[in-house]
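Readers should treat all values here as calculations from the given coordinates under stated rules, not as data from a laboratory. All values derive from a computational prediction rather than experimental measurement. Cβ sites come from the backbone with ideal geometry, for glycine too, and all protein chains shown count toward neighbours.
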Amino acid sequence: MEASENPWKTLSSRAIYENPWIALREDTVITPAGTPGIYGVVHYKNLALGVIPIDSEGYTYLVGQYRYPLRQYSWEIPEGGGKLGQDPLSEIQRELLEETGLIATHWQFLLRMHLSNSVSDEEALIYLAWGLRKGTARPEPTEQLRLWRLPLFEAIEKVHSGAITDSLTVAGLLRVECLLHRKALTLPPNAPT
């Protein structure tokens with residue numbers, strides 16, 4: 001079998017639930033083993049977008065908020081949903097301003113990932129931003145956010161220690177660490193180490 005060949009056969013699909021952010025469907029399938037089965041799929045109506053802002057001193061900014069599904073507080077890179085069909089860069093620029101009040105002059109695409117591809121089609125794009133200046137934060141009314149400015153390397157260490165577990169934050173910060181290690185990214189000369 002070719003790697004791109006689909007071993008699943010979909011017999012039917014039915015909508016289970018839908019809201020403005022997700023749609024859940026259940027498919028009746030024939031599995032790769034040739035047996036009948038069902039498969040639940042969550043379709044996301046937005047892109048997951050994240051950004052690692054780095055200021056002229058080599059500090060980054062994390063956003064803290066309570067995450068309802070986990071029932072716990074979480075520190076994360078600025079992130080949010082971007083409308084499908086819109087320019088993702090414009091969407092994450094809006095999100096950075098909304099959550100942090102920061103505006104960035106320079107942007108670099110870091111990575112693309114699928115967040116839980118066994119049950120969903122959610123796609124994430126993560127960017128790096130620098131050349132920061134202050135604007136006015138405009139969080140959504142449902143968000144109670146805290147902003148934390150810390151050295152980039154301290155944020156990366158919090159990923160390694162397990163203190164940060166958000167998938168976009170973990171992947172984005174580890175990608176930046178990898179780029180720094182390969183000398184494909186340079187921090188400002190006065191950045192804390």
Karplus 3J(HN,Hα) series, Hz, for region 164-175 with 6.51 cos²θ - 1.76 cosθ + 1.60 (x for Gly, Pro): 10, 10, 4, 4, 5, 5, 4, 5, x, 5, 5, 5
Go through region 142-156 residue by residue and turn each phi into a ³J(HN,Hα) via Karplus (6.51, -1.76, 1.60, θ = phi - 60°); whole Hz please, and just put x for glycine and proline. 7, 9, 10, 10, 10, 10, 10, 9, 8, x, 3, 5, 5, 5, 4
Net charge of Cβ neighbours under 15 Å - reference SER161; Lys, Arg +1; Asp, Glu -1: -3
Anisotropy class of region 46-181 from Cα gyration tensor, a/c 1.5 cut: rounded
Evaluate E = 1/(1 + (r/R0)^6) for SER4 and GLU143, where r is the Cβ-Cβ distance and R0 equals 41 Å; express this FRET efficiency to the nearest 0.05. 0.50
Calculate the length of the line joining the C-alpha centroid of region 146-193 to that of region 102-145, in whole Å. 15
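Of all the stretches in the chain, which is the longest one without any exposed loop site, taking chymotrypsin sites (Phe, Trp or Tyr not before Pro) in a DSSP loop (any state but H, G, I, E, B) with at most 13 other Cβ atoms within 10 Å?
On the way: sites that count: TRP8, TRP21.
Maximal segment without exposed cleavage sites: 22-193.
Need the full-extension length gain, CYS178 to ILE22, defined as separation in residues times 0.36 nm minus the C-alpha distance. One decimal, nm. Could the numbers behind the result be given before it?
Working: separation 156, 0.36 × 156 = 56.16 nm, distance 3.28 nm.
Full-extension gain reported as 52.9 nm.
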Rounded to the nearest 500, what is the chain's calculated 222 nm mean residue ellipticity when only DSSP H runs of at least 4 contribute -39500 (n - 2.57) each, over all residues? -6000 deg cm²/dmol
For region 37-45, just list the computed ³J(HN,Hα) in residue order, Karplus coefficients 6.51, -1.76 and 1.60, θ = phi - 60°, integers in Hz, with x standing in for Gly and Pro. x, 10, 9, x, 10, 9, 9, 8, 8
Environment charge of ALA48, counting only residues whose C-beta is closer than 10 Å and scoring Lys/Arg +1, Asp/Glu -1: -3
Set the Förster radius R0 to 35 Å, insert the Cβ-Cβ distance between THR31 and SER74 as r into 1/(1 + (r/R0)^6), and round the FRET efficiency to 0.05. 0.50
The local net charge around LEU173, scoring Lys/Arg +1 and Asp/Glu -1 for residues other than LEU173 whose Cβ lies under 11 Å from its Cβ, equals -3
Given GluC sites (Glu not before Pro), DSSP loops and at most 10 other Cβ atoms within 10 Å, the longest exposed-site-free stretch of the chain is 6-193
Check which residues have an amide H placed less than 5 Å from ILE54's amide H, if you skip close sequence neighbours. ALA129, TRP130
In region 101-193, which trypsin sites (Lys or Arg not before Pro) fall in coil by DSSP and have 13 or fewer other Cβ atoms within 10 Å? ARG182, LYS183
